[in-house]
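Report on one structure; see the data block that follows.
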């Protein structure tokens with residue numbers, strides 16, 4: 001099964017309508033149908049939850065909806081990978097060389113270690129890596145892998 005690394009902003013788009021959510025949902029559906037395995041570092045749960053909390057604070061979702069979104073996140077069963085020391089060192093080097101956050105760099109080196117693409121909707125990150133990084137793709141570039149969609 002093909003693996004794809006997804007960052008927290010893509011994961012949020014699975015449950016909260018935002019720009020490019022329609023592409024993120026295609027990836028989620030492929031994951032649920034077993035055509036791809038969505039992978040993220042374990043800290044993506046905290047980034048995801050913090051974004052849900054932010055939407056609650058802004059009045060985008062109420063408390064009940066925020067809880068439902070977190071419950072649905074767990075039900076989707078993203079393959080959450082533990083933090084590995086070797087990848088942290090690699091991410092630190094990558095972040096310094098490419099002027100990106102360590103959080104973003106870890107997603108990228110995780111994708112490299114899995115020989116997988118990484119999908120994001122972080123346009124600032126994509127601009128910074130333009131011409132440098134082929135494996136980081138905008139979520140709008142995702143195409144369904146399952147024929148059922």
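Given the criteria buried (at least 21 other Cβ atoms within 10 Å of the Cβ), modelled with pLDDT of 95 or more and assigned to a loop (DSSP other than H, G, I, E, B), does residue 15 qualify? Here the answer is yes, as residue 15 does meet what is asked.
Rundown of residues vs (1) out of contact with any helix residue (DSSP H, G or I) (no Cβ under 9 Å at 6 or more places or on another chain); (2) free of Cβ contacts under 8 Å to residues at least 40 places away in the same chain, yes/no style:
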{"site": "113", "(1), (2)": "no, yes"}
{"site": "117", "(1), (2)": "no, no"}
{"site": "128", "(1), (2)": "no, yes"}
{"site": "131", "(1), (2)": "yes, yes"}
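Set side by side, the residues 50, 9 differ, and just one is closer than 16 Å to residue 67 by Cβ and in a helix (DSSP H, G or I), which is 50. Of everything listed in (1) in contact with a helix residue (DSSP H, G or I) (Cβ under 9 Å, 6 or more places away or on another chain); (2) over 17 Å from residue 125 (Cβ atoms); (3) touching a residue at least 24 places away in the same chain (Cβ under 8 Å), the single unmet condition for residue 51 is (2).
Only residues that are under 26 Å from residue 82 (Cβ atoms) and within 14 Å of the chain's Cα centre (by Cα) were counted in segment 12-49, giving 22. When the residues of segment 33-61 are filtered to those that are out of contact with any strand residue (DSSP E or B) (no Cβ under 9 Å at 6 or more places or on another chain) and farther than 17 Å from residue 8 by Cα, the one that is surrounded by the most Cβ atoms within 10 Å (Cβ to Cβ) is 61. In this structure, is residue 28 at pLDDT 95 or above, within 18 Å of residue 117 (Cα to Cα), in contact with a strand residue (DSSP E or B) (Cβ under 9 Å, 6 or more places away or on another chain) and part of a helix (DSSP H, G or I)? Yes: the conditions hold for residue 28.
The values are calculated or read from the model by the stated rules, or taken from the named source; none is laboratory data. These figures come from a predicted structure and were not determined experimentally. We place every Cβ from the backbone using ideal geometry, glycine too, and count neighbours over all the protein chains shown.
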